[in-house]
1. Out of all the residues in the stretch 383-391, is one or more surrounded by fewer than 21 Cβ atoms within 10 Å (Cβ to Cβ), outside any strand (DSSP E or B) and more than 22 Å from the chain's Cα centre (by Cα)?
2. Considering each of Ser392, Ser409 in turn, give the residue that is small (Gly, Ala, Ser), at pLDDT 95 or above and not assigned by the TED database to the domain that holds Gly140.
3. Would the stretch 107-119 turn up any residue that is buried (at least 22 other Cβ atoms within 10 Å of the Cβ) and either of a type in the set (Gly, Ala, Ser) or under 20 Å from Val45 (Cα atoms) (or both)?
4. Can you find even one residue in the stretch 323-334 that is in contact with a Leu (Cβ under 6 Å, 6 or more places away or on another chain) and buried (at least 21 other Cβ atoms within 10 Å of the Cβ)?
5. List the pairs whose first member sits in the stretch 71-88 and is farther than 23 Å from His107 by Cα, whose second member is open to solvent by 80 Å² or more (accessible area, probe 1.4 Å), and whose Cβ atoms are under 6 Å apart, counting only residues at least 6 apart or on separate chains?
6. Quick one: which residue in Thr240, Thr142 is among the polar types (S, T, N, Q), under 17 Å from Asn40 (Cβ atoms) and either surrounded by fewer than 24 Cβ atoms within 10 Å (Cβ to Cβ) or not assigned by the TED database to the domain that holds Lys123 (or both)?
7. Going by the structure shown, is Pro269 over 30 Å from Met294 (Cα atoms), in a loop (DSSP other than H, G, I, E, B) and either free of Cβ contacts under 8 Å to residues at least 40 places away in the same chain or assigned by the TED database to the domain that holds Leu24 (or both)?
8. Does at least one position in the stretch 215-230 carry a residue that is outside the structural domain of Ile75 (by the TED database), within 19 Å of the chain's Cα centre (by Cα) and under 30 Å from His107 (Cα atoms)?
Amino acid sequence: MVHELCQQLLLTDEQVQELCYRILHELRRGLAKDTHPKANVKCFVTYVQDLPNGNERGKFLALDLGGTNFRVLLIHLQENNDFQMESRIYAIPQHIMIGSGTQLFDHIAECLSNFMAEHNVYKERLPLGFTFSFPLRQLGLTKGLLETWTKGFNCAGVVNEDVVQLLKDAIARRGDVQIDVCAILNDTTGTLMSCAWKNHNCKIGLIVGTGANACYMERVEEAELFAAEDPRKKHVLINTEWGAFGDNGALDFVRTEFDRDIDVHSINPGKQTFEKMISGMYMGELVRLVLVKMTQAGILFNGQDSEVLNTRGLFFTKYVSEIEADEPGNFTNCRLVLEELGLTNATDGDCANVRYICECVSKRAAHLVSAGIATLINKMDEPTVTVGVDGSVYRFHPKFHNLMVEKISQLIKPGITFDLMLSEDGSGRGAALVAAVACREDILNGKK
């Protein structure tokens, strides 16, 4: 009975092939000048054309804003791929997340100033890379307009504004530190840069965490919105923003009643459809909705639910990873999770079913991401590609990596090889590297 109800969460091979076809179609719509304004998958130009070559040196600041906290980092790049890094995490209080843009950037500038004082670089003028992990319409390496807030943020006066300028203004209002903002990027770009510093085959960056997104190196002639300045540079990095894939109905053929429920109760109904089927922000809630339905039908827990199980957002995505980490036939983690949910009378059969539901939801997420990555690999058509990956779901889910490797292998053209590389601190070190490469290029081009 459980298996029958979960059938809608399983993707057939035909459905996955159709997904690849539709994702490619949407990528092309985002890249083309005529269709870009109406495209859901925006394929924003990042203006990054140079990947790290390992020769970057010096001290750089990085600012990483992409969720309920943000980080400030000081990174010292040295010889032989060696680097020193110091960082600190700062909270963003709820009232600031939904307050004014001025409040948000003043808060960030204050923390930046405190950090520089703590690390004795208060008097130095340092280049900064700014990781801003929200949909951004970039107009240059240091100019980007916020398209829309996601992930629980809703600060007034920021949408359609240049976030680099807002940061610079906040720093100027304080007047106490000197910073050159060299680049703005999002976390997928940072992930790619961080991996490319160690592995020069890295041409795709992927995030599967609170959000879901990917970027990749595209041929300049395919990126119709990019006005190339240097004819010697044949590629430009594209930020797909593919979390919005399906906002036009392209995913309806695989969406379930549970996906629709999540969407209706989210803070952005009708938006980020693909992301809602994949990311850590929703995975636990998807499982909870399935559990509630099966409990109400009397299939699970003898029909006995609990207040926690019936409360939105209280089945955390980390529970999915913990439950799936149990050895076959062992339900230690599963029982601990169920106890947290106030479900103390679960049988072994209940536990096996709970695990099966988790597996269906996480496997579907892995297969959806794999369809996207395989589509990018096939579009790029390079003989070997490394995909730099970051995000809590990929990092902590015990089977996600293997599920992806298996599915991508089935979907890519014969003769192409790929590997998935776990990024080390893409949004931190990656941001410093974008700033470092920008400085390196400026020096080469005699701009400094």
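1. yes
2. Sole residue among the options that is small (Gly, Ala, Ser), at pLDDT 95 or above and not assigned by the TED database to the domain that holds Gly140: Ser409.
3. The answer is yes, given that some residue of the stretch 107-119 is buried (at least 22 other Cβ atoms within 10 Å of the Cβ) and either of a type in the set (Gly, Ala, Ser) or under 20 Å from Val45 (Cα atoms) (or both).
4. no
5. His76/Gln84; Leu77/Arg57
6. Going through Thr240, Thr142 in turn, just one is among the polar types (S, T, N, Q), under 17 Å from Asn40 (Cβ atoms) and either surrounded by fewer than 24 Cβ atoms within 10 Å (Cβ to Cβ) or not assigned by the TED database to the domain that holds Lys123 (or both): Thr240.
7. Judged against the criteria, Pro269 is not a match.
8. yes
The values are calculated or read from the model by the stated rules, or taken from the named source; none is laboratory data. Quick caveat: nothing in here was measured; it's all calculated off a predicted structure. Note that we place each Cβ from the backbone using ideal geometry, even for glycine, and neighbour counts take in every protein chain shown. Please note that ligands, DNA and RNA were not included when accessible areas were found on the heavy atoms of the full protein model with its side chains. Shrake-Rupley method; radii C 1.70, N 1.55, O 1.52, S 1.80 Å.
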